[in-house]
Amino acid sequence: MRRIISVLLENEPGALSRVVGLFSQRNYNIETLTVAPTEDETLSRLTVTTSGSDKVIEQITKQLNKLIEVVKLVDLTEGSHIERELMLVKLKATGSQRAEIKRTVDIFRGQIVDVTSTIYTVQLAGNSDKLDAFIQAVGPAGVLEVVRSGVSGIARGEKVLSL
Amino acid sequence: MELLSGADMLIRSLQDEGIEYIYGYPGGAALHIYDALFRQDKVKHILVRHEQAAVHMADGYARASGKPGTVLVTSGPGATNTITGIATAFMDSIPMVVLCGQVASTLIGEDAFQETDMIGVSRPVVKHNISVRHPEEIPEVIRRAYYIASTGRPGPVVVDIPKDMTTPNERYEYVFPKKVKLRSYNPAIRGHAGQIKKAVDMLMAAKRPIIYAGGGVVLGKASKELTELAHKLGFPVTNTLMGIGGFPATDKQSLGWLGMHGTYESNMAMHHSDLILAVGARFDDRVTNATEKFCPGARIVHIDIDPASISKTIDADVPIVGPVDAVLKEMLGLVAESKERPDAEALKSWWKQIDEWRAFHGMRYETSDTHIKPQEVIEAIWRITNGDAYVTSDVGQHQMFAAQYYKFDKPNRWINSGGLGTMGFGLPAAMGVKLSYPDSEVVCVTGEGSIQMNIQELSTCSQYNLPVKIVNLNNQALGMVKQWQDMNYESRHSQSYMGSLPDFVKLAEAYGHVGIRIDRKEELEPKLREAFAMKDKLVFLDIYVDPFEHVYPMQVARGSMKDMWLSKTERV
Ligand SMILES: Cc1ncc(C[n+]2csc(CCOP(=O)(O)OP(=O)(O)O)c2C)c(N)n1
Ligand SMILES: [Mg+2]
């Protein structure tokens, strides 16, 4: 099953490589990985999406917790949560395609953020399925370049991951 | 206010940490540190002949004393030479701090002379590693390194020290921190009371219980509590290879150790048990054999300081995360208070069954009129040393024989590389023990393959007068490899024959030690006694043993715990 694990990490050089190293060393897979400092600059927030049996996921969280620089972590998929991924897509847009693409972008609540006579660059945020669906909808043939940020997530309601 | 250079701070921090010995080897990036070492006499440095040996020495010391060992090496090749030693310590959760020189921070990333990314290279085999970024942080970093290495589930910590962090004429205020606090590292200090209660209820209800005690009992200094609990309950105890000595081997409740080359009775009792109390053990593949066939009728209580060791390979019914000594103490309290007692009738018939298993095999081996059997060498050493020696070993058949036939009644006496299985471990580990326990008998049981992986340390032994006894069970082969080839490859002995052996007697003499060769059965006991009578000499005993011997019992690959070869021809 796909999981989103969110980690508060000491914002120190080398901490990220320990997390990444752990995944390759123990043969866990990483689907997406995002990391950035938080409002407290001594901490980074890292989000990793991975998949595996319950046993594997349990090991992943335990092994992550063993890393000295991991302060706290939560498996967001255990409760209700919000997940978002940002995508920038460069699309071939000429002639009648232009109106069609514009309509599709609107339906997906995306924005065209850059335009040339033959190109639209589209920005889209949402969960990963929605981003996949957009690519399907515009037709992969017209897609020139895709950049995805990887998943970020946060729990719904009162729950917070903080010190 | 006291102003010190980074190098002086480093050595002062070691003094303040209470470090007596460090084992190491100098080189460019560590020279400021070596100079600081020279200008004091509290911390003593042992100069090895290869950095790997320095790490194994620190490791041997740590295993015998329960305190962290310390290593000092230079950057690049000095640092990379420590990796096998660090990985060895990591696999067996041994506390140690490895201080590595590094090129100046201004040169890092430029492929400077003797630059290696030691933080990156060591990452998968350390509990933690730290790079010094400012000389002022050295006392804090050192304090933290020892704290992390020796608390929770112990392990090696590497400290990488760029040369410009130790520059002699740059001085800073020296303050040794009284306490370490890390917001992201808080090892458990006690187990969950509810879980412990549940576990005790299960112990009382068990009909065919067994205690499976691992290296965590030795590392966690809990053998007293474990022994008391086992005696109170009257349960059989089996140890892992790493847990040997955690429960006295000569106690009648001891079944010996379990797993691939464990005793018949241990493996049988595990397989047929209805309750396993696992204490500081990690259900690794050399114990469980095929996990899907593991102990089908058993419920499992698992105590460990490391949550990641619980339900990793085998699911626990009652997991208890905590230090084993504290948890066992709490269990003892509950057992004392409880009005219930284990089912005496059930236990009686369980013991009857176990005694039948014992009688059936009982670690028998075939003796020979012509050849010295490796097993009888170990039995003789056990007698001669009154079962009270520190025994280190290398890796191979000799290791298994030593573990099987030397009966350890105390913890911290059996010192081997169980997790990584590092040939070359035995001699330097023995040296580390002897240095700190000069009045104790220290024996290194080795093979002619393994000893040659760190034989250069015979020179270190002369320099520091380390009169260990080296027992070389010479079968003229990489015996364990050869055994597998006999059993799985129709005796095609691919590269497992050791030709061109040196004359070990002359070799020992060349280093200033005593060498004794034993190849006739009747000489065995007298010559061993002669060797062990030489208290202040290193004696290298080159003992020609039966080259065809195999280690048994041996679990059948991919079978359950009870599927074993008991000799070359008997399979159960
Ligand atoms: C560094 C290292 N290389 C290879 C091995 C694989 N190995 C395990 S046992 C063994 C043979 C050891 O031979 P020896 O020291 O003579 O012991 P014996 O089995 O003959 O008693 C080998 C090569 C190992 N454990 N460690
Ligand atoms: Mg051999």
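The values are calculated or read from the model by the stated rules, or taken from the named source; none is laboratory data. These figures come from a predicted structure and were not determined experimentally. Note that each Cβ is placed from the backbone with ideal geometry, even for glycine, and that neighbours are counted across all protein chains shown. Heavy atoms of the whole protein, side chains included, go into the accessibility calculation; ligands, DNA and RNA do not. Shrake-Rupley method; radii C 1.70, N 1.55, O 1.52, S 1.80 Å.
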Of residues in the range A:40-55 being of a type in the set (S, T, N, Q) and under 21 Å from A:GLU85 (Cα atoms), the one surrounded by the fewest Cβ atoms within 10 Å (Cβ to Cβ)
A:SER51
Could you check the range B:374-392 and list, in sequence order, the residues that are within 16 Å of ligand 2 (Cβ to nearest atom) and either over 20 Å from B:SER254 (Cβ atoms) or modelled with pLDDT under 95 (or both)?
B:PRO374, B:VAL377
Just one listed residue, out of B:LYS527, B:LYS482, is free of Cβ contacts under 8 Å to residues at least 24 places away in the same chain, more than 14 Å from chain A (Cβ to nearest Cβ), among the charged types (D, E, K, R) and within 12 Å of ligand 1 (Cβ to nearest atom), and it is B:LYS482
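Residues checked against (1) more than 15 Å from ligand 1 (Cβ to nearest atom); (2) outside the structural domain of B:ALA429 (by TED's automatic domain parsing):
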residue: B:THR367; (1), (2): yes, yes
residue: B:GLU379; (1), (2): yes, no
residue: B:VAL391; (1), (2): no, no
residue: B:GLY396; (1), (2): no, no
residue: B:ALA403; (1), (2): no, no
Flagged in the range B:125-151 as surrounded by fewer than 20 Cβ atoms within 10 Å (Cβ to Cβ) and at the interface with another protein chain (Cβ under 9 Å from one of its Cβ atoms), in numbering order, are B:ARG133
Please go through the range B:26-77 and pick out each residue that is farther than 24 Å from B:VAL395 by Cβ, surrounded by fewer than 24 Cβ atoms within 10 Å (Cβ to Cβ) and within 21 Å of the chain's Cα centre (by Cα).
B:LYS67
Is it the case that A:THR49 is in contact (Cβ under 8 Å) with a residue 60 or more places away in the chain, in contact with a Lys or Arg (Cβ under 8 Å, 6 or more places away or on another chain) and more than 9 Å from every other protein chain (Cβ to nearest Cβ)?
yes
Restricting the search to the range B:44-74, which residues are touching a residue at least 60 places away in the same chain (Cβ under 8 Å) and of a type in the set (Ser, Thr, Tyr)?
B:TYR61, B:SER65
Counting just the residues of the range B:98-113 that are under 29 Å from B:GLU173 (Cβ atoms) and not β-branched (Val, Ile, Thr), which one comes out most open to solvent (accessible area, probe 1.4 Å)?
B:LEU107
Test for B:SER309: is it open to solvent by 10 Å² or more (accessible area, probe 1.4 Å) and out of contact with any Phe, Trp or Tyr (no Cβ under 6 Å at 6 or more places or on another chain):
no
Within the range B:433-441, identify whether any single residue is within 16 Å of ligand 2 (Cβ to nearest atom) and among the charged types (D, E, K, R), and answer yes or no.
no
Take the range A:56-66 and flag every residue that is open to solvent by 30 Å² or more (accessible area, probe 1.4 Å), at the interface with chain B (Cβ under 9 Å from one of its Cβ atoms) and out of contact with any Asp or Glu (no Cβ under 8 Å at 6 or more places or on another chain).
A:GLU58, A:LYS62, A:ASN65
So which pairs qualify, if the first residue must be in the range A:7-35 and at positive phi, the second must be of a type outside the set (Asp, Glu) and open to solvent by 20 Å² or more (accessible area, probe 1.4 Å), the Cβ gap must be under 8 Å, and the two must be at least 6 apart or on different chains?
A:GLY14/B:ILE119; A:GLY14/B:SER131
Is at least one residue of the range B:349-358 more than 14 Å from chain A (Cβ to nearest Cβ) and within 16 Å of ligand 2 (Cβ to nearest atom)?
no
If I filter the range B:289-310 for residues that are within 14 Å of chain A (Cβ to nearest Cβ), within 15 Å of B:GLY214 (Cα to Cα) and of a type in the set (A, V, I, L, M, F, W, C), do I get at least one hit?
yes
If we keep just the residues of the range B:398-423 that are crowded, with 24+ Cβ neighbours inside 10 Å and within 15 Å of ligand 2 (Cβ to nearest atom), which is nearest to the chain's Cα centre (by Cα)?
B:GLN399
Which ranges mark the strands (runs of 3 or more DSSP E) fully within the range B:457-549 that have 3 or more residues being within 12 Å of ligand 2 (Cβ to nearest atom)?
B:469-474, B:539-544
Within the range B:114-124, how many residues turn out to be more than 7 Å from chain A (Cβ to nearest Cβ), part of a helix (DSSP H, G or I) and either touching a Leu at 6+ places or on another chain (Cβ under 9 Å) or buried (at least 22 other Cβ atoms within 10 Å of the Cβ) (or both)?
2
List the strands (runs of 3 or more DSSP E) that sit entirely inside the range B:168-278 and contain at least 2 residues that are open to solvent by 40 Å² or more (accessible area, probe 1.4 Å) and under 30 Å from B:LEU10 (Cβ atoms).
B:171-173
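Residue-wise test of (1) in the same structural domain as B:LYS221 (by TED's automatic domain parsing); (2) assigned to a loop (DSSP other than H, G, I, E, B); (3) among the hydrophobic types (A, V, I, L, M, F, W, C).
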{"position": "B:VAL287", "(1), (2), (3)": "yes, no, yes"}
{"position": "B:GLU292", "(1), (2), (3)": "yes, no, no"}
{"position": "B:CYS295", "(1), (2), (3)": "yes, yes, yes"}
{"position": "B:HIS302", "(1), (2), (3)": "yes, no, no"}
{"position": "B:ALA308", "(1), (2), (3)": "yes, no, yes"}
{"position": "B:LYS312", "(1), (2), (3)": "yes, yes, no"}
{"position": "B:GLU330", "(1), (2), (3)": "yes, no, no"}
{"position": "B:VAL335", "(1), (2), (3)": "yes, no, yes"}
{"position": "B:ALA346", "(1), (2), (3)": "yes, no, yes"}
